[in-house]
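Read the structure below first, then the notes.
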């Protein structure tokens with residue numbers, strides 16, 4: 001009969017082999033796995049889901065650094081008018097640093113009932129005007145990661161690493177310098193009398209994005 005130390009050693013080896021089989025066959029998350037993303041279901045971290053969102057958005061409504069569809073910040077008014085049919089543009093004005101500049105309201109050709117985008121110009125009549133800022137409230141516009149009007153702020157914070165939220169030109173926004181975008185938040189979900197400058201961690205994740213602006 002084998003000595004007891006030898007039997008204990010054999011039992012130990014059998015237990016070790018069983019544990020290895022369980023870990024290999026049972027799906028799970030290790031202690032070193034990243035935390036689950038904010039957005040439930042398909043997320044920006046899912047390449048297939050991101051591709052599907054991009055396909056649904058289309059190039060006309062894709063938001064990227066300095067661009068909204070066919071429009072690019074810094075483009076001249078002449079170039080803007082050559083790219084967009086006149087029937088989609090309504091001329092208006094905007095105020096910037098106490099000076100009145102021309103601006104346009106852009107109607108979506110595919111969805112005329114969608115909220116128009118606000119195109120602000122800067123420059124002078126002598127030197128010409130260029131596109132300084134685009135303000136969007138149309139939920140058709142999305143980034144490649146699927147973030148846009150109607151998205152929860154927690155999703156944008158997770159994807160773009162936003163740290164501060166401030167009042168800017170009448171909006172309460174979280175600015176992503178990397179994306180050159182400001183995410184306009186619904187202040188109705190925040191406590192009355194909240195600070196004009198807050199850490200993004202103090203903003204409830206479910207707070208809705210109600211607009212996006214692109215600025216040079």
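The values are calculated or read from the model by the stated rules, or taken from the named source; none is laboratory data. Keep in mind it's a predicted model, so treat the numbers as computed, not measured. Cβ sites come from the backbone with ideal geometry, for glycine too, and all protein chains shown count toward neighbours.
Count of the range 107-140 residues, restricted to those that are without any contact (Cβ under 8 Å) to a residue 24 or more places away in the chain and under 16 Å from residue 86 (Cα atoms), is 2.
For the criterion of being more than 30 Å from residue 205 (Cβ to Cβ), in a helix (DSSP H, G or I) and without any contact (Cβ under 8 Å) to a residue 60 or more places away in the chain, residue 78 passes.
Within the range 91-109, restricting attention to residues that are farther than 16 Å from residue 130 by Cα and surrounded by 10 or more Cβ atoms within 10 Å (Cβ to Cβ), the residue that is modelled with the lowest pLDDT is 109. Restricting attention to the range 163-216 and to residues that are on the phi > 0 side of the Ramachandran plot and free of Cβ contacts under 8 Å to residues at least 12 places away in the same chain, the residue that is surrounded by the fewest Cβ atoms within 10 Å (Cβ to Cβ) turns out to be 193. Check whether at least one residue in the range 106-121 is farther than 20 Å from residue 67 by Cα and part of a strand (DSSP E or B), and report yes or no. No, the conditions are met nowhere in the range 106-121. Go through the residues of the range 191-209 one by one and say whether even a single one is under 30 Å from residue 85 (Cα atoms) and modelled with pLDDT of 95 or more. Checked the range 191-209: at least one residue is under 30 Å from residue 85 (Cα atoms) and modelled with pLDDT of 95 or more.
Listed by position, the strands (runs of 3 or more DSSP E) contained in the range 164-216 that have at least 2 residues being in contact with a helix residue (DSSP H, G or I) (Cβ under 7 Å, 6 or more places away or on another chain) are 164-168, 171-176, 181-185.
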